[in-house]
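Structure first, commentary second.
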Amino acid sequence: MTDSDYGEALLEYNHYMMPLYQAALATVDLPSGSHGLDVGCGAGGLFGLLDKATGCTGHITGIDICDDLLTIAAKQAALHNMRDRIRLQTADLEEPLPFSADTFDWAWAADVLHPQVFSTPAIQVKELVRVVKPGGTVMVFFLHPFRSLVFPGRPHLEAVLRRVLFAGSRYDPACHPDNAAAWLRWAGLTHVTTSAHTALFNAPFGENAWRYDLVPDAVRDVPPETAQAAGIAQGEWHEVLRLIDPQSPDYLLRQEDYFCVRLALLTSGRVPA
């Protein structure tokens with residue numbers, strides 16, 4: 001998949017998952033007219049939502065490591081009539097951010113600080129604290145595939161899915177997204193809170209439903225030996241693959257009554273005054 005194709009898929013994913021982002025942002029009070037940092041903004045799929053959360057009078061700086069995604073993000077800024085209120089910049093979160101201390105009123109990182117990418121995500125949070133003004137807010141959002149309902153009526157397959165996902169993502173439990181509150185406290189934030197948000201999605205789904213990540217792509221690519229090592233019976237694994245294969249007549253996302261539930265967590269904290 002090219003960066004351009006990935007950008008379009010990312011926009012479709014952001015659009016579909018919008019209820020979760022909306023619910024999460026509703027729990028924080030972003031000041032009207034404020035200047036925020038969209039960390040790992042990707043193709044800019046959340047610019048409109050972040051703009052609305054700040055009264056459509058604020059400014060947003062979007063950063064991403066991929067220039068091709070930022071090109072798509074610039075088109076999103078124009079689409080939302082925000083061209084004069086959005087600044088886009090290439091940045092690598094493994095390096096110090098290219099901003100002075102106390103630049104922003106808030107920072108938002110949605111599905112970015114995954115421990116599969118950053119070995120110690122608290123370090124990246126610490127850098128966000130540096131560039132956010134005293135009294136400002138840092139927000140870390142994660143969609144949680146481990147906690148979602150993907151196979152309604154088949155609880156044994158939910159257990160299989162969780163075991164496979166866990167087998168493919170072993171890392172220090174302290175860096176698990178469930179423990180994001182500890183990252184924020186370590187980084188010096190106060191008033192740290194975590195809120196849970198769910199959304200129900202019902203059939204019918206479009207032909208491009210795979211872009212919504214309802215069933216993580218990583219599951220389809222799991223080698224049989226990995227499933228076996230995770231203690232999963234061959235018959236159960238074949239049943240999972242049959243239900244998530246777009247070429248199968250039993251493909252979940254084409255079943256008339258199919259639904260799934262997604263869970264996301266938002267952890268936020270305040271920069272000490």
Cβ-Cβ below 6 Å, separation at least six or inter-chain, first residue in segment 170-195 and at negative phi, second β-branched (Val, Ile, Thr) and part of a loop (DSSP other than H, G, I, E, B): which pairs?
Ser195/Thr27
Evaluation of Val28 against (1) surrounded by 14 or more Cβ atoms within 10 Å (Cβ to Cβ); (2) farther than 17 Å from Ala109 by Cβ (one fails), failing number:
(2)
Going by the structure shown, is Leu184 closer than 25 Å to Val271 by Cα and modelled with pLDDT of 90 or more?
yes
When you check Leu69 against the structure, is it within 25 Å of Pro121 (Cβ to Cβ), surrounded by 12 or more Cβ atoms within 10 Å (Cβ to Cβ) and within 19 Å of the chain's Cα centre (by Cα), yes or no?
yes
Looking at His35, is it under 21 Å from Arg130 (Cβ atoms) and in contact (Cβ under 8 Å) with a residue 60 or more places away in the chain?
yes
Name every residue in segment 8-22 that is buried (at least 16 other Cβ atoms within 10 Å of the Cβ) and under 14 Å from Phe47 (Cβ atoms), in order of residue number.
Leu10, Leu11, Asn14, Tyr21
Consider segment 200-258. How many of its residues are modelled with pLDDT under 80, part of a loop (DSSP other than H, G, I, E, B) and within 24 Å of the chain's Cα centre (by Cα)?
9
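Residues checked against (1) at pLDDT below 95; (2) within 22 Å of Val192 (Cβ to Cβ); (3) among the aliphatic types (A, V, I, L, M):
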| residue | (1), (2), (3) |
| --- | --- |
| Asp3 | yes, no, no |
| Glu8 | yes, no, no |
| Met17 | yes, no, yes |
| Ala23 | no, yes, yes |
| Asp29 | yes, yes, no |
| Ser32 | no, no, no |
What is the residue count in segment 215-254 for residues that are without any contact (Cβ under 8 Å) to a residue 60 or more places away in the chain and of a type in the set (Ser, Thr, Tyr)?
2
Go through segment 120-168 and give me each residue that's surrounded by fewer than 21 Cβ atoms within 10 Å (Cβ to Cβ), of a type in the set (Gly, Ala, Ser) and at pLDDT 90 or above.
Ala122, Gly135, Gly153
So Phe99 fits all but one of (1) at pLDDT below 95; (2) among the hydrophobic types (A, V, I, L, M, F, W, C); (3) within 26 Å of Pro272 (Cβ to Cβ); what number is the exception?
(1)
May I ask you to list pairs of residues, at least six apart or on different chains, whose Cβ atoms are under 6 Å apart, with the first in segment 255-268 being within 21 Å of Asn14 (Cβ to Cβ) and the second being small (Gly, Ala, Ser) and crowded, with 17+ Cβ neighbours inside 10 Å?
Arg262/Ser148; Arg262/Ala199; Leu263/Ser148; Leu266/Ala24; Thr267/Ala180; Thr267/Ala181
All positions within segment 84-128 that are over 19 Å from Ala73 (Cα atoms), among the acidic types (Asp, Glu) and in contact with a Leu (Cβ under 7 Å, 6 or more places away or on another chain)
Glu127
Would you mind stating whether Lys126 is among the charged types (D, E, K, R), over 21 Å from Glu12 (Cβ atoms) and assigned to a strand (DSSP E or B)?
no
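The values are calculated or read from the model by the stated rules, or taken from the named source; none is laboratory data. Note that the coordinates shown come from a computational prediction; the quantities given were computed from them, not determined experimentally. Virtual Cβ from ideal backbone geometry, glycine too; neighbours counted across all protein chains shown.
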